[in-house]
Amino acid sequence: MKTYAGIDLHSSNSYIVVIDEKDNRLFEKRLTNDLGLIIKVFEQYKKSLSGIVIESTFNWYWLVDGLNEAGFKTHLANPAAIQQYSGLKHTDDKWDSFWLAHMLRLGILPEGYIYPKSKRPVRDLLRRRIMFVKQRTTQILSLQSMITRNLGIKMRGNEIKKMKEDDIENILADEYLAFTAKQNLKVIECLKTTIRDIENKILEMAELSPEFIKLNTFPGIGKILGLTIMLEVGDIRRFKKVGCYSSYCRCVRSERISNNKKKGENNRKNGNKFLSWAYVEAANFAIRHCPHAQKFYQRKKAKRNGIVAIKALSNKLARASYYVMRDQVDYKPEYLFR
């Protein structure tokens, strides 16, 4: 007799359910997040256990890694793709963990990708870099806004980055405005140093693998963006089609169409937000360095607007990079933009 297990994982506890081939519940209990206790439960079912399903929450690393190392087969459930019967009146942790095991038994479990443990720390470090970059941009925009509001002049972001405290005193006469602007500059400089340190640390420990080296042939994708894409993608072969990869990068529209009319939207957040950011950044750089990309952007912008044009270009680059990574070929803009 085969058995199946589902774990509804929370920050401090987990609800565990083990079922058999007829959906009979053999075990169900809430346990604290103690790996030893959880493994002890599954040891008694080890010979019959076909798999353990854990929902992909923010804190799944320790549990999946621990169960794998103990010899259990784990599955990471994709919560964005899980559908339950809409007529249910009441659900709780007990039901959710049972539903995970039930879907595994039926072979209909929508699974997420379990990223290799050895590469996870470097990927997460790059994600922190993205967070610091966004925080620096927030500080720059805040200082720009204050200068425009009080002086009526527009300063570019690069000009803000080069400013010193003496420059602030020269343009802002008011004591409190100057003090506020100096605090912005301090935070910008601190974040700039942090970002540079992270980049140096990553570049000394990580290199582009063979299938990702070709990414550097794209105008606008340098070492950092190339590493970001490589570490977020993992194994490019897990995407069967280019459309699957483009959707994972959040480069396609999320719409429900019926009779050629828009009836609503689906889950726009389904996919990888870090790859979405990386390809938007690559699109902005490509406009500056690639005449083909610039013409495509201007043509799209004339029809709609700049935001739609950037997303359209990022989608083109994502689709092109899929073939470049999968087939190990150089990027050729004349083929992409012909």
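The values are calculated or read from the model by the stated rules, or taken from the named source; none is laboratory data. Model, not experiment: these values are computed from the prediction. Counting neighbours? That spans all protein chains shown, and the Cβs are built from the backbone with ideal geometry, glycine included.
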### Summary
Scanning the stretch 148-177 residue by residue, those hydroxyl-bearing (S, T, Y) and more than 35 Å from the chain's Cα centre (by Cα) turn out to be Y176
### Summary
When restricted to L76, L100, L67, the only residue over 30 Å from M230 (Cβ atoms) and outside any loop (DSSP other than H, G, I, E, B) is L100
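Yes or no, residue by residue, for (1) farther than 27 Å from L126 by Cβ; (2) out of contact with any helix residue (DSSP H, G or I) (no Cβ under 7 Å at 6 or more places or on another chain); (3) in a helix (DSSP H, G or I):
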position: I229; (1), (2), (3): no, no, yes
position: S247; (1), (2), (3): no, yes, yes
position: N270; (1), (2), (3): no, yes, no
position: F274; (1), (2), (3): no, no, yes
position: Y279; (1), (2), (3): no, no, yes
position: A286; (1), (2), (3): no, no, yes
position: F296; (1), (2), (3): yes, no, yes
position: A302; (1), (2), (3): yes, yes, yes
position: I310; (1), (2), (3): no, no, yes
### Query
Restricted to the stretch 314-338, and to residues that are under 13 Å from K214 (Cβ atoms) and of a type in the set (F, W, Y), which residue is surrounded by the most Cβ atoms within 10 Å (Cβ to Cβ)?
Y322
### Query
Of these, K311, K301, which one is more than 23 Å from Y115 (Cβ to Cβ) and in contact with a Cys (Cβ under 9 Å, 6 or more places away or on another chain)?
K311
### Message
Out of the helices (runs of 4 or more DSSP H) lying entirely within the stretch 114-212, which hold 2 or more residues that are at pLDDT 95 or above?
### Response
120-151, 175-205
### Summary
Out of (1) buried (at least 16 other Cβ atoms within 10 Å of the Cβ); (2) touching a strand residue (DSSP E or B) at 6+ places or on another chain (Cβ under 7 Å), the one I39 does not meet is (2)
### Message
From the list I19, I54, exactly one residue is farther than 14 Å from D93 by Cα and touching a His at 6+ places or on another chain (Cβ under 9 Å). Which is it?
### Response
I19
#### Entry: Yes/no for I114 being within 22 Å of S11 (Cα to Cα) and touching a Leu at 6+ places or on another chain (Cβ under 6 Å)
yes
### Query
Does K2 satisfy the criteria of being of a type in the set (D, E, K, R), surrounded by fewer than 15 Cβ atoms within 10 Å (Cβ to Cβ) and touching a residue at least 24 places away in the same chain (Cβ under 8 Å)?
yes
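Yes/no per residue for (1) of a type in the set (S, T, N, Q); (2) at pLDDT 95 or above:
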| residue | (1), (2) |
| --- | --- |
| L37 | no, yes |
| E55 | no, no |
| H75 | no, yes |
| Q83 | yes, no |
| G87 | no, no |
### Task
Pick out the one residue from R136, R120, R196 that is out of contact with any Gly (no Cβ under 8 Å at 6 or more places or on another chain) and either surrounded by fewer than 13 Cβ atoms within 10 Å (Cβ to Cβ) or in contact (Cβ under 8 Å) with a residue 60 or more places away in the chain (or both).
R196
### Message
If a residue must be assigned to a strand (DSSP E or B), within 26 Å of the chain's Cα centre (by Cα) and small (G, A, S), how many such residues does the stretch 1-54 contain?
### Response
2
